[in-house]
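Have a look at the structure below before the remarks.
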Amino acid sequence: MNSEEPPKLVSNLLLPELERQLREDKNLWPNLKGLFIVTVTKKRKPAATWYFVLQGIDIMPLITASEEAAQAGVKGNIRKVKIQVEDNDLLNFITGGMTGVKAYMTGKIKVKGDLLLAQKLEEVFEKVGGRERAIEFIQKNNDALLAINKSKL
C-alpha cells in the first residue's frame, strides 16, 4: 500500500452512510448536544478521525472527517468528548456485539471528557434503530466489507 492511499476502514464505509440516513430522516436526529471526536485506529495507530456534531433535534447532525467542517458546524458552546476505538471494535460496537460500557471497561474504547455524554450517544444510537440499520447496510455491502477485512491481514 502506498503512503497516499488511505487505510481501508469499516468506519469509512459506515459513518458516511450514517450521515446520509440522518440527512434523509429528521426523525433520527438525536436530542443530544455534543461534539464527539472519534479517532479510529488500525493496529493501534490512528487511521482516521471523525467528528459528530450533535446540537439537538432542531439542527441537522453533522458527521464528517473534516475538522474544519465540524468547527464550522458548531453553533455556540457544546461539550466535547474524545473517543478512540479500533476500527474492528467500532464495527462490533455498531452491530451490537459489544456495549459501550463493556468496551470502555475492557479498554477497547477510550473516552476523554464527559463519560455520561458518551454513554448518551450509545442510547440515542439504539433508540433510532442504529444497530438494525447498520446490520442491514452491512448485509447489502458485504463485498466491500470483505475487501476491508482482507486488507487487515
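The values are calculated or read from the model by the stated rules, or taken from the named source; none is laboratory data. Owing to the predicted nature of the structure, the values given are computational and were not obtained by experimental measurement. In this analysis, Cβ positions are derived from the backbone assuming ideal geometry, glycine residues included, and neighbour counts consider all displayed protein chains.
Can you tell me which residue within the stretch 74-90, out of those that are within 12 Å of the chain's Cα centre (by Cα) and β-branched (Val, Ile, Thr), is nearest to residue 106 (Cα to Cα)?
Applying the filter and picking the extreme gives 85.
Collect the residues in the stretch 80-112 that are small (Gly, Ala, Ser) and surrounded by fewer than 16 Cβ atoms within 10 Å (Cβ to Cβ), keeping them in residue-number order.
We begin by selecting, within the stretch 80-112, every residue small (Gly, Ala, Ser); these are 96-97, 100, 103, 107.
Listed by number, the residues that qualify are 96, 97, 107.
Report yes if some residue within the stretch 129-138 is surrounded by 14 or more Cβ atoms within 10 Å (Cβ to Cβ), small (Gly, Ala, Ser) and not in a loop (DSSP other than H, G, I, E, B); otherwise report no.
Yes; the residues of the stretch 129-138 include at least one that is surrounded by 14 or more Cβ atoms within 10 Å (Cβ to Cβ), small (Gly, Ala, Ser) and not in a loop (DSSP other than H, G, I, E, B).
Working carefully through the options 118, 70, find the one that is assigned to a helix (DSSP H, G or I), in contact with a Phe, Trp or Tyr (Cβ under 6 Å, 6 or more places away or on another chain) and surrounded by 18 or more Cβ atoms within 10 Å (Cβ to Cβ). Can you show your working first?
Values: 118 fails: in contact with a Phe, Trp or Tyr (Cβ under 6 Å, 6 or more places away or on another chain).
So the residue among 118, 70 that is assigned to a helix (DSSP H, G or I), in contact with a Phe, Trp or Tyr (Cβ under 6 Å, 6 or more places away or on another chain) and surrounded by 18 or more Cβ atoms within 10 Å (Cβ to Cβ) is 70.
Return the only residue of 78, 63 being in a loop (DSSP other than H, G, I, E, B), modelled with pLDDT of 90 or more and closer than 22 Å to residue 128 by Cβ.
Numbers: 63 fails: in a loop (DSSP other than H, G, I, E, B).
78 is the lone residue from the list that is in a loop (DSSP other than H, G, I, E, B), modelled with pLDDT of 90 or more and closer than 22 Å to residue 128 by Cβ.
Which residues, counting only those in the stretch 12-37, are touching a Lys or Arg at 6+ places or on another chain (Cβ under 8 Å) and either without any contact (Cβ under 8 Å) to a residue 60 or more places away in the chain or of a type in the set (Lys, Arg) (or both)?
Result: 33, 35, 37.
Determine whether the stretch 98-106 contains at least one residue that is at pLDDT below 90, out of contact with any strand residue (DSSP E or B) (no Cβ under 8 Å at 6 or more places or on another chain) and either part of a loop (DSSP other than H, G, I, E, B) or closer than 20 Å to residue 28 by Cβ (or both).
For the stretch 98-106, residues at pLDDT below 90, out of contact with any strand residue (DSSP E or B) (no Cβ under 8 Å at 6 or more places or on another chain) and either part of a loop (DSSP other than H, G, I, E, B) or closer than 20 Å to residue 28 by Cβ (or both): present.
Just give me the residues in the stretch 10-43 being in contact with an Asp or Glu (Cβ under 7 Å, 6 or more places away or on another chain) and at pLDDT 90 or above, in sequence order.
Kept after step one, since they are in contact with an Asp or Glu (Cβ under 7 Å, 6 or more places away or on another chain), are these residues of the stretch 10-43: 10-11, 40-42.
Once the filter is applied, which keeps residues that are in contact with an Asp or Glu (Cβ under 7 Å, 6 or more places away or on another chain) and at pLDDT 90 or above, the stretch 10-43 yields 40, 41, 42.
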